[in-house]
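The structure appears right after this line, and notes come after that.
The values are calculated or read from the model by the stated rules, or taken from the named source; none is laboratory data. Remember, predicted model here, so these are calculated numbers, not experimental data. Cβ: placed from backbone, ideal geometry, glycine included. Neighbour counts: every protein chain shown. Protein only, heavy atoms only, side chains kept; ligands, DNA and RNA dropped before computing areas. Shrake-Rupley method; radii C 1.70, N 1.55, O 1.52, S 1.80 Å.
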Amino acid sequence: MRVLVIGGGVGGLTAALSLHAAGIGCVVAESVPEPRPLGVGINLQPHAVRELTELGLGEELAAIGVPTARQIYADRFGNVILSLPRGRAAGYRWPQYSVHRGELQMSLLAAVRERLGERAVMTGLAFEDLAEGPDGVTASLRDVRTGEPVRITADALVGADGLHSAVRARLHPSGGPLLWSGIRMWRGITRSRPFLDGATMLIAGSNRSCKFVAYPVSPDRTRINWVAEVKVAGGGEAAPVADWTRRGRPEDVLAHFADWKLPWFDVPGLLSGAGRILEYPMVDREPLPSWGRGRATLLGDAAHPMYPVGSNGGSQAVLDARILARHLAVLGPAAGLAAYEEERRPATTPLVLANREMPMERTIATVAERAPYGFGDVSEVLTPAELAEMAEGQRRMTDMDVAFLNERPSWSVGNPAT
């Protein structure tokens with residue numbers, strides 16, 4: 001069996017490694033001529049870290065990531081509303097990692113080239129179309145450097161080409177537009193001294209107005225990834241340009257956070273100290289009634305783009321990749337793709353919808369309404385039931401049952417749990 005993966009991001013490269021580990025031939029077609037470590041920070045949840053560890057990448061993750069131990073929700077003045085343990089501190093056998101997305105992608109790319117060969121990742125090839133035959137699927141691509149057409153035939157095709165997936169557009173030409181939450185995000189990484197214990201993700205304020213997220217993404221804890229979110233329009237509107245490499249202007253984001261003072265760091269200082277700021281609208285799409293057909297399917301953001309409020313995008317792509325390889329190895333191309341979608345689509349659709357609800361934001365907004373100038377103790381503002389509801393909202397969007405994850409059999413084909 002030979003699988004063609006369109007897209008060399010986190011999901012596509014994890015799919016290549018998973019297919020190879022399952023004994024399935026694979027080649028990756030990436031439109032970028034020369035992949036580089038772009039982007040900012042992301043989080044990998046323990047369920048994704050388990051899968052990457054079983055692929056033999058545990059040491060690489062430990063070398064580039066920060067094992068996040070705690071997640072703190074606070075008001076815009078830094079008064080703590082809720083503190084939740086994360087990763088191993090929450091009882092999982094595997095950590096949650098905060099990591100630079102580009103460094104993670106480069107680690108995965110190096111592993112694919114080492115294990116599958118240098119020619120396993122073909123760069124500079126943009127997907128244009130596909131045609132399914134009785135024994136396989138043929139992709140029509142174009143070399144972005146020369147304009148020359150390229151055709152590749154495989155037993156199955158996987159579109160892992162992200163939010164603006166060309167494979168999705170071909171499979172679902174009426175799949176609907178990007179939908180905007182009305183929230184604009186600015187992202188950056190700034191060198192600063194470690195804050196708190198050096199292993200905490202801080203979420204301050206509410207994106208119903210202004211929200212600031214910060215966490216370290218380097219083992220020395222001095223590279224602080226931050227996300228500044230501002231509500232600027234109503235939800236459900238047609239999205240503005242969604243390009244995650246688009247440069248943002250410091251003055252645009254500083255205007256919203258100039259008077260923010262948190263006990264742990266200088267918010268305006270972090271914003272102005274970043275070498276580069278990225279600007280991006282918080283968008284998703286309506287869930288699809290099906291992902292693929294026949295010998296072609298979707299994976300990761302191409303299949304289920306979701307708001308980045310539960311640290312779930314990259315993690316869900318990793319799970320997609322592992323389940324895909326497992327079903328293909330057991331059932332073969334067409335039946336394997338059908339079983340993959342049957343398992344993963346019902347699992348990811350509720351996450352897309354739950355992220356839209358933003359249940360924690362409701363509680364934080366309540367705090368801002370009841371204590372607009374801050375508070376001494378959260379018990380003065382919220383009842384135990386309201387705090388429990390907030391914690392449950394976080395669990396529903398991000399967590400997997402600890403005992404289930406720790407004890408379930410490995411998804412590796414023919415291998416015991418690692």
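Here are a few things to note about the model shown:
- Among beta bridges from DSSP that stay inside the chain, the antiparallel ones total about 75%.
- Solvent exposure of the range 288-371, expressed per residue, is 32 Å² of accessible area, with all protein chains present and a 1.4 angstrom probe.
- Amide H contacts for ASP129 (H built 1.01 Å from N in the peptide plane; partners 5 or more residues away or on another chain; cut-off under 5 Å): SER140.
- Other residues within the sphere of radius under 14 Å centred on the Cβ of ARG249, judged by their own Cβ, net out at +2 (K and R +1, D and E -1).
- Working note: Karplus 6.51/-1.76/1.60 with θ = phi - 60° gives the range 21-38 the couplings 5, 8, x, 10, x, 8, 9, 10, 10, 10, 6, 6, x, 9, x, 10, x, 8 Hz, where Gly and Pro are set to x.
- Length, then width, then depth: along the principal axes, the Cα atoms of the range 28-137 run 58, 31, 30 Å.
- Estimated vicinal HN-Hα couplings, Hz - the range 275-292 in sequence order (Karplus 6.51, -1.76, 1.60; Gly, Pro = x): x, 8, 10, 9, 10, 7, x, 7, 10, 8, 9, 5, x, 7, x, 7, 9, x
- What the pair-distance distribution of the range 362-418 shows, using all Cα-Cα distances binned every 5 Å from zero, is 4, 16, 17, 14, 10, 9, 7, 7, 7, 6, 3, 1 percent.
- Listed residues VAL167, VAL267, VAL144, most fluctuating in the chain (Gaussian network, C-alpha, under 10 Å): VAL144
- With an a/c value of 1.5 or above and a/b not larger than b/c for the gyration tensor axes a ≥ b ≥ c computed over the alpha-carbon atoms, the range 124-180 is described as oblate.
- Net charge of neighbours whose Cβ lies under 14 Å from the Cβ of TRP264, counting Lys and Arg as +1 and Asp and Glu as -1: +2
- Peptide packing for 17-24, 145-152, 89-96 was compared via the average number of neighbouring C-beta atoms within 10 Å per residue; ordered from the highest value, the list is 17-24, 89-96, 145-152.
- ³J(HN,Hα), Karplus 6.51/-1.76/1.60, whole Hz, each residue of the range 84-91, x for Gly, Pro: 10, x, 10, x, 4, 5, 8, x
- Dipole magnitude for the range 131-265: computed about the Cα centre from +1 point charges on Lys and Arg Cβ and -1 point charges on Asp and Glu Cβ, it is near 580 debye.
- Carbon plus sulfur fraction of accessible area for the chain, probe 1.4 Å, in percent: 52
- With the simple spin-label model, which puts each label point 7 Å out from Cα in the Cβ direction, the ALA110 to ARG93 separation comes to 2.7 nm.
- Taking amide H atoms as placed 1.01 Å from N in the peptide plane, the amide H of VAL121 lies under 5 Å from those of VAL28, each 5 or more residues away in sequence or on another chain.
- For the chain: relative contact order, % (alpha-carbon pairs under 8 angstrom, 6 or more apart): 21
- Taking label points 7 Å from Cα along the Cα-to-Cβ direction, SER379 and GLU342 give a separation of 5.2 nm.
- Cα shape, the range 323-418, gyration tensor, a/c 1.5 rule: prolate
- Counting every C-alpha pair in the range 70-228, the share spaced more than 22 angstrom apart comes to 63%.
- Computed about its Cα centre, the charge dipole of the chain is approximately 440 debye, with only Lys, Arg, Asp and Glu carrying charge at their Cβ.
- Sorting 298-311, 369-382, 124-137 by their mean Cβ neighbour count within 10 Å, with the most densely packed peptide first, gives 298-311, 124-137, 369-382.
- For the chain, the C-alpha radius of gyration divided by 2.2 N^0.38 Å, with N the number of residues, is 0.98.
- Amide H contacts under 5 Å for VAL150: LEU141, ARG142, ASP143, restricted to partners 5 or more places along the chain or on a different chain, H placed in the peptide plane at 1.01 Å from N.
- Local charge for LEU57 was computed over the other residues whose Cβ lies under 13 Å away, with Lys and Arg +1 and Asp and Glu -1, and equals -3.
- Over the range 1-81, all Cα pairs binned in 10 Å intervals from 0 give whole-percent P(r) values of 14, 35, 31, 13, 7, 1, listed from short to long.
- Highest mean packing first, where packing is the average number of other Cβ atoms within 10 Å per residue, the peptides 188-198, 60-70 line up as 60-70, 188-198.
- Check: the range 57-117 dipole with +1 on Lys, Arg Cβ and -1 on Asp, Glu Cβ, in debye: 180
- For the range 196-266, the per residue solvent-accessible surface stands at 44 Å², with DNA, RNA and ligands left out and a 1.4 Å probe.
- Cα-based shape type of the range 162-235, given that a ≥ b ≥ c are square roots of the gyration tensor eigenvalues and the cut on a/c is 1.5: oblate
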